């Protein structure tokens, strides 16, 4: 988080939001998720298969690694990832106790530059940006959010491509609670905030009208 220094100022500090001091049980209480091993911990949660989830991971990594970064596409992908991450487990494996996966993956500042074509960069940390902090307005950087998500998902994808599905799934799930999930939820909120305040902005993928996107989970706010 940084204080906005004036018109055109860059968001220049990579922030690492990591619940390194929050226990797994605390996270579960906050999120409302049932604890592993308790009755009803997976029934009715609409668990996503690891194959489907890894498909969304690949979509995000392809989006991040491309030369164009469509806002509607990443909004849809991030929503799908957040829907499946919390209850993710390898097929046929018992659900393991969630644990902190260690320090987040390193994200060089240069990694954020790949998202320079995205429609916006900075967003307020509160929904009421007109309420100014005594020290000045503070902003977050969605380019940083994208870079942190990319680093964590790509790390798990490397394990999957090496043939270790269990390790990949465990890393994606645990790092969701302790790191990349915070960046994903912030990015989703920021995109929806931007669409609400920008005339003509839409979350339909490029080249698609509202009617064409209505069945694929995208939304147009306004």
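Structural remarks
- None of 87, 66 is surrounded by fewer than 19 Cβ atoms within 10 Å (Cβ to Cβ), over 16 Å from residue 171 (Cβ atoms) and out of contact with any strand residue (DSSP E or B) (no Cβ under 6 Å at 6 or more places or on another chain) except 66.
- Residues that are at pLDDT 95 or above and not in a loop (DSSP other than H, G, I, E, B) are absent from region 90-109.
- Any hit, region 172-184, residues being buried (at least 22 other Cβ atoms within 10 Å of the Cβ), closer than 13 Å to residue 75 by Cβ, within 20 Å of the chain's Cα centre (by Cα) and touching a residue at least 12 places away in the same chain (Cβ under 8 Å): yes
- Condition check for residue 159 on (1) modelled with pLDDT of 90 or more; (2) more than 19 Å from residue 68 (Cβ to Cβ); (3) surrounded by fewer than 20 Cβ atoms within 10 Å (Cβ to Cβ); (4) out of contact with any helix residue (DSSP H, G or I) (no Cβ under 7 Å at 6 or more places or on another chain): one failure, at (4).
The values are calculated or read from the model by the stated rules, or taken from the named source; none is laboratory data. Quick caveat: nothing in here was measured; it's all calculated off a predicted structure. Please note: Cβ atoms are built from the backbone with ideal geometry, for glycine as well, and neighbour counts cover all protein chains shown.
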